[in-house]
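The structure appears right after this line, and notes come after that.
The values are calculated or read from the model by the stated rules, or taken from the named source; none is laboratory data. Note that this is a predicted model, so its numbers are computed, not measured. Positions of Cβ are backbone-derived with ideal geometry, glycine not excepted, and every protein chain shown enters the neighbour counts.
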Amino acid sequence: MTDKERMATEWLVAACTRQAAAEGIPITLLRRGDPVSGALVLKVNRLDGTAHLWIEAQEDGTRVWLCPTATPSVSDRAADIWLARQEEIDPDAWLIEIEDKQGRLWFPGHVVIG
């Protein structure tokens, strides 16, 4: 799916939230961004005091997830601080928290490391 064919962000969030909820995984919308083209910023809360942070990007027309911190795993508190700063930087971004012990993203795309 290219950028022009990309699903509106609010529809993608709704669909992924329903899919995760059907499997008992809560996804919480921390802040609503631009309904059509807002980027997604995910905090995957591992429920053990750690979290993974991911920001959405495009690579050759494909959605990918990049880690914005030195390592994918950070403390839950550090993740919250990072999200608060991100909220100030990009008012169009969607800030989302996923509570999943397995650390799954629940959104399409693949993780790019490095």
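Yes/no matrix, rows are residues, columns are (1) within 10 Å of the chain's Cα centre (by Cα); (2) at pLDDT below 95:
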| site | (1), (2) |
| --- | --- |
| LEU53 | yes, no |
| PRO72 | no, yes |
| ALA78 | no, no |
| GLU88 | no, yes |
> Of all residues in the range 35-60, which are among the charged types (D, E, K, R), out of contact with any strand residue (DSSP E or B) (no Cβ under 8 Å at 6 or more places or on another chain) and in contact (Cβ under 8 Å) with a residue 12 or more places away in the chain?
Replying inline: ASP48
> If we scan the range 31-40, do we find a residue that is at pLDDT 95 or above and closer than 21 Å to ARG77 by Cβ?
Replying inline: yes
>> For the range 56-108, give me each residue that is over 23 Å from ALA14 (Cα atoms), part of a loop (DSSP other than H, G, I, E, B) and of a type in the set (Gly, Ala, Ser).
In response: ALA70
> Got a number for residues in the range 10-49 being surrounded by fewer than 17 Cβ atoms within 10 Å (Cβ to Cβ) and among the polar types (S, T, N, Q)?
Replying inline: 3
> Of the conditions (1) touching a residue at least 40 places away in the same chain (Cβ under 8 Å); (2) of a type in the set (A, V, I, L, M, F, W, C); (3) within 21 Å of ARG31 (Cα to Cα); (4) loosely packed, with under 15 Cβ neighbours inside 10 Å, LEU105 fails just one. Which one is it?
Replying inline: (4)
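Return the residues of the range 61-76 that are hydroxyl-bearing (Ser, Thr, Tyr) and touching a residue at least 12 places away in the same chain (Cβ under 8 Å); say none if nothing qualifies. Don't jump to the end; show me each part of the working.
Taking the range 61-76 and keeping what is hydroxyl-bearing (Ser, Thr, Tyr), we get 62, 69, 71, 73, 75.
Scanning the range 61-76 gives THR62, THR69, SER73, SER75.
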> How many of the residues in the range 74-102 are more than 14 Å from VAL41 (Cβ to Cβ) and surrounded by 17 or more Cβ atoms within 10 Å (Cβ to Cβ)?
Replying inline: 1
> Which ones in the range 20-30 are more than 15 Å from the chain's Cα centre (by Cα) and either at pLDDT below 95 or not acidic (Asp, Glu) (or both)?
Replying inline: ALA21, ALA22, GLY24
